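Participant: Pasting a structure below so you can have a look.
All of the numbers you see were taken from the coordinates with simple rules; none came from a lab. Bear in mind the structure is a predicted one, so any value in this text is a computation, not a measurement. Cβ atoms come from the backbone with ideal geometry, glycine included; neighbour counts cover every protein chain shown.
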Amino acid sequence: MWGIFLESLVIFQNYVGFHQYRFLFVIYLVCLLYLWVAEKKKSFRAIFVYTPTILLLCFFNPLFRKAFVALLDDAETYYRLLWLLQMSMVSAYGAVKLFGRFRKTGLIVTGAAIVLCGSLVYRSEHITRAQNWYHLPAEAVEVADILKPAEGRVMAIVPADLVYYIRQYETAINMPYGREMLIARWDYYNDLYEAMERAEVIETASFTELTRNYGCDYVVLKKDRAVEEPLTDFGFILYAQTDNYLIYQDTEAGEQAGTGR
Amino acid sequence: MIQIMASVFWLLAIPFGIGLIPVHFLSERKKNPGITLLAGYLLMWAVFEVITVPAVLWIKYDNFQFVLRIFTAAAMLFAAAGIVVRYLGIARERSRNMYAKPLISYEKEYRPGIEAKTEWALFFIIVGFSLYMAVTRASFDGDDAYYVVQSLMAQQNGSMYKNLPYTGRSASLDVRHALAVFPMWIAFVAVQADLHATIVSHVVMPLILMPLTYLVFYEIAKILFAEKKENIPVFMIVMALFQLFGNVSIYTNETFFLTRTWQGKSVAGSFVIPMVFLLLLWIFDEKRKKGQDACFWIMLVCLHLTAGMCSSISVFLLVILLAVSAFCLMIVKRDIKAPLMLGATCIPSALYVLLYLLIK
């Protein structure tokens, strides 16, 4: 039980950014405590004081966590229970109530506290300037446009950095493996992925045999990807290229599938 | 241009028309266009869930085409019914006065001074900045390879949940995701607006879902500060700042709200859960007259279906939140009837869980 409690504590710490020295949750706790003292209206007290407190206690309760995980068969999403606390809403209500008549001062103090204790979302490394209306990397769209069949479907193997994007642009492009291979903790195995991404140098003979087994019409490689022997020696042609990628077409596979360009 | 008009039609006009039905049951003082839109979205999403889930489970081929036809007809019908209810006498004098009221209903008795106006301006600048960033910045999230591709497959292939989004291979039904059909609603909007589903997800959805969420916050603020209305813009600014600076980890609902706005789970965290707070505040409003507003109960039932549409886990979260809130309200209000009724609204969620367990 103690172990489960500690797990919940770690989840909470990760959620609130404790190890990154983010302290928005301190603002939340202060506001919640203040509402415990100051909120007189019964229904507000039930919704903004008692409910979050009980939910917080539930979150740390090992028995509750065991039941939650057993019911949902999913331990990874336990942190979403913290969404029910609506930290921002309780904090905003508590802060505005706390400063009462001094709302201008209150706004400045609360705003400064949020800025100092929080982290601006647009500073995230995952956010970049959009290159097109799709919000996909321009080169991924360029590659997908080249691969896109006039009709039917094609199978293309692409480097890991394109895996997320190709099918967000065009679903007529099938892939022998997808995002599932890129999440290490999901622990999937795919021999073609091993040959494409894990090998320091692609062993062309066995690699092309695998691409044919998987029915790949196209192979997309990064220009700097080390290859034992050129793919063109194995029945592939250099079909197109972009700034960073070489797109090979397997003429034999294309004929077999009858869906190539 | 036609695409923009179609988007406005399906994302504003239709939900607003649908919202006129539940709002008909609302007492005069609570009626306003904001509530109408919120109620419309809840009812529309509930209808979408009810039509789409059976189609996913039991129609073998071209099931999205089926949903497209049926839901188009149903949405039009509901919106038309809403307009009929509003304009052709069923609503009568009571609802005819609705638009005599300004959008911000308290404006009648409360005229914001220069300070409050400045605060509102500041709030709108923050929200405008968020919307600008939503359009001009791309947010990478691995889950898009699943959800966005599901929407796109429905749009491009006309079928739902038949293929694995990561690879395109045929797949057995992934029940947990197949019951949460929010990506299919995005596909529906994409088809109707003749826009690529990825553009609808990444650009159009934030433009509608973010203001919709702030509308919920605003309605909550109106109740919390009914007697100190000058606090409303301050509350809204603090809320908006919390969203902007809430990225303390990748897990917070604030992070989801601004970086994964189009995903069902984000809608659950940022819209469905605050909506529970709003409905509870409405339902247990101490100033309410004896007869409860049927509108809120309809909205609560629809909220359960909306939660199911967003993600399977949000159904559980919603039930947990309602159970704890009902318990607390029962204690403080010494009233067992209303909490019991809250329990009764969980029937759609119970059916959802039952369905999930049966076909898992």
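Participant: Take B:GLU227 and A:LEU71, extend 7 Å from each Cα along the Cα→Cβ direction, and tell me the distance between the two endpoints in nm.
Facilitator: Reported label-point gap for B:GLU227 and A:LEU71 is 3.7 nm.
Participant: Can you list the residues, at least 5 places off or on another chain, whose amide H is less than 5 Å from the amide H of A:SER119, using H built in the peptide plane?
Facilitator: B:GLY246, B:ASN247, B:VAL248
Participant: So, in nm, how far is label B:MET76 from label A:LYS148 when the simple model puts each one 7 Å beyond its Cα toward the Cβ?
Facilitator: Between B:MET76 and A:LYS148, the simple spin-label model gives 2.9 nm.
Participant: Let me ask something additional. Partner chain Cβ atoms within 10 Å, averaged over the residues of A:5-17 - can you pull that number for me?
Facilitator: 2
Participant: Calculate the dipole size of the protein assembly as shown relative to its Cα centre from +1 charges on Lys and Arg beta carbons and -1 charges on Asp and Glu beta carbons; express the result in debye to the nearest 20.
Facilitator: The calculation lands at about 4260 debye.
Participant: Let me ask something else. Given only helices, namely DSSP H runs of n ≥ 4 each adding -39500 (n - 2.57), what is the per-residue ellipticity at 222 nm of chain B, to the nearest 500 deg cm²/dmol?
Facilitator: The helix contribution divided over chain B gives -21500 deg cm²/dmol.
Participant: For chain B, find the longest principal axis of its Cα atoms and tell me its angle to the long axis of helix B:14-23, 0 to 90°, nearest 10.
Facilitator: For helix B:14-23, the angle is close to 50 degrees.
Participant: Take the alpha carbon gyration tensor of the stretch B:207-299, find the square roots of its eigenvalues, order them as a ≥ b ≥ c, and report rounded if a/c is under 1.5; if not, report prolate when a/b exceeds b/c, else oblate. Can you show the working numbers first?
Facilitator: Numbers: a/c = 2.73, a/b = 1.53, b/c = 1.78.
It comes out oblate by the Cα gyration axes.
Participant: Could you work out the mean count of beta carbons from other protein chains within 10 Å of each residue's beta carbon in B:317-329?
Facilitator: 5
Participant: Let me have the relative contact order for chain B, percent, based on Cα pairs under 8 Å that are six or more residues apart.
Facilitator: Reported as a whole number, the value is 20 percent.
Participant: Still on this structure: Show the residues, 5+ positions off or on another chain, whose built amide H is closer than 5 Å to the amide H of A:VAL227.
Facilitator: Those lying under 5 Å, H to H, from A:VAL227 are A:ILE202.
Participant: Using +1 at the C-beta of Lys and Arg and -1 at the C-beta of Asp and Glu, which of B:TYR87, B:LEU322, B:VAL191 has the Cα lying farthest in the positive direction of the dipole of chain B?
Facilitator: Farthest towards the positive pole: B:TYR87.
Participant: Let me ask something additional. How much of the DSSP beta bridge set in chain A is antiparallel, as a percent to the nearest 5? Write down the numbers at each step before the final one.
Facilitator: Working: 10 of 15 bridges.
Taking every DSSP beta bridge within chain A, about 65 percent pair in antiparallel fashion.
Participant: With a Förster radius of 22 Å, plug the Cβ-Cβ distance of A:GLU194 and B:SER172 into 1/(1 + (r/R0)^6) and report the FRET value to the nearest 0.05.
Facilitator: Taking R0 as 22 Å, the efficiency between A:GLU194 and B:SER172 is 0.30.
Participant: Then there is this: Of the beta bridges DSSP finds with both residues in the protein assembly as shown, what % are antiparallel, to the nearest 5?
Facilitator: Antiparallel bridges make up about 70 percent of those DSSP assigns within the protein assembly as shown.
Participant: Can you tell me the 0 to 90 degree angle between the C-alpha axis of helix B:33-58 and the longest principal axis of chain B, rounded to 10?
Facilitator: The two axes meet at around 20 degrees.
Participant: Return the FRET efficiency for the residue pair A:HIS126, A:LYS222: r is the Cβ-Cβ distance, R0 is 25 Å, and the value is rounded to the nearest 0.05.
Facilitator: On the way: r = 22 Å, r/R0 = 0.87.
Efficiency, from the Cβ-Cβ distance: 0.70.
Participant: Whole angstrom only: what separates the Cα centroid of the stretch A:122-191 from the Cα centroid of the stretch B:185-214?
Facilitator: 21 Å
Participant: With +1 on the Cβ of every Lys and Arg and -1 on the Cβ of every Asp and Glu, and nothing else charged, how large is the dipole of the stretch A:54-210 about its Cα centre, in debye rounded to the nearest 20? Show your work: numbers first, answer last.
Facilitator: Numbers: 15 positive and 18 negative charges, 372 e Å.
In total the dipole reaches around 1780 debye.
Participant: Evaluate the distance, in nm, between pseudo-label points positioned 7 Å from the Cα of A:TRP186 and of A:LYS40 along their respective Cα→Cβ axes.
Facilitator: Placing both labels 7 Å beyond Cα along the Cβ direction yields 5.6 nm.
Participant: Please list, ordered by chain and number, the residues whose modelled amide H lies under 5 Å from the amide H of A:TYR245; skip anything fewer than 5 residues away on the same chain.
Facilitator: A:LYS223
Participant: Which of the trypsin sites (Lys or Arg not before Pro) found in the stretch A:1-77 are in a DSSP loop and have at most 13 neighbouring Cβ atoms, other than their own, within 10 Å?
Facilitator: A:LYS40, A:LYS41
Participant: Considering Cα pairs under 8 angstrom that are at least six residues apart, work out the relative contact order of the stretch B:170-315 and quote it in whole percent.
Facilitator: Normalised by residue count, the contact order of the stretch B:170-315 is 30 percent.
Participant: I've got another one for you. Size of the dipole of the stretch A:9-76 about the Cα centre, Lys and Arg at +1 and Asp and Glu at -1 on the beta carbon, nothing else charged, in debye to 20?
Facilitator: 420 debye
Participant: Using a 10 Å cut-off on Cβ to Cβ distances, tally the other chain neighbours for every residue of A:47-57 and report the average as a whole number.
Facilitator: Per-residue shielding by partner chains comes out at 5.
Participant: Between rounded, prolate and oblate, where does the stretch A:152-261 land on the alpha carbon gyration tensor, with a ≥ b ≥ c its root eigenvalues, rounded for a/c under 1.5, else prolate if a/b exceeds b/c?
Facilitator: Because its axes are fairly even, with a/c under 1.5, the stretch A:152-261 counts as rounded.
Participant: Output the pairs from A:LYS41/B:LYS337; B:LYS162/B:LYS360; B:LYS265/B:LYS360; B:LYS30/B:LYS333 with a Cα-Cα distance over 26 Å in this structure; if there are none, say none.
Facilitator: None, as every Cα separation is 26 Å or less.
Participant: Tell me the volume per residue, in Å³, of the convex hull enclosing the alpha carbons of the protein assembly as shown.
Facilitator: Spelled out: Cα convex hull of the protein assembly as shown, divided by residues, is 165 Å³.
Participant: Can you give the net charge of the other residues whose Cβ lies under 12 Å from the Cβ of A:VAL49, counting K and R as +1 and D and E as -1?
Facilitator: +4
Participant: Is the C-alpha gyration tensor of the stretch B:231-360 telling us rounded, prolate or oblate? Criteria: a/c under 1.5 is rounded; beyond that, a/b larger than b/c is prolate, otherwise oblate.
Facilitator: oblate
Participant: Shifting gears a bit: How far, in degrees from 0 to 90, does helix B:294-310 lean away from the longest principal axis of the Cα atoms of chain B, to the nearest 10?
Facilitator: Result, in degrees: 30.
Participant: Between A:ILE54 and B:ILE359, what's the calculated FRET efficiency when r is the beta-carbon distance and R0 is 45 Å? Round to 0.05. Walk me through the numbers before you get to the answer.
Facilitator: On the way: r = 33 Å, r/R0 = 0.73.
Efficiency computed from Cβ-Cβ geometry: 0.85.
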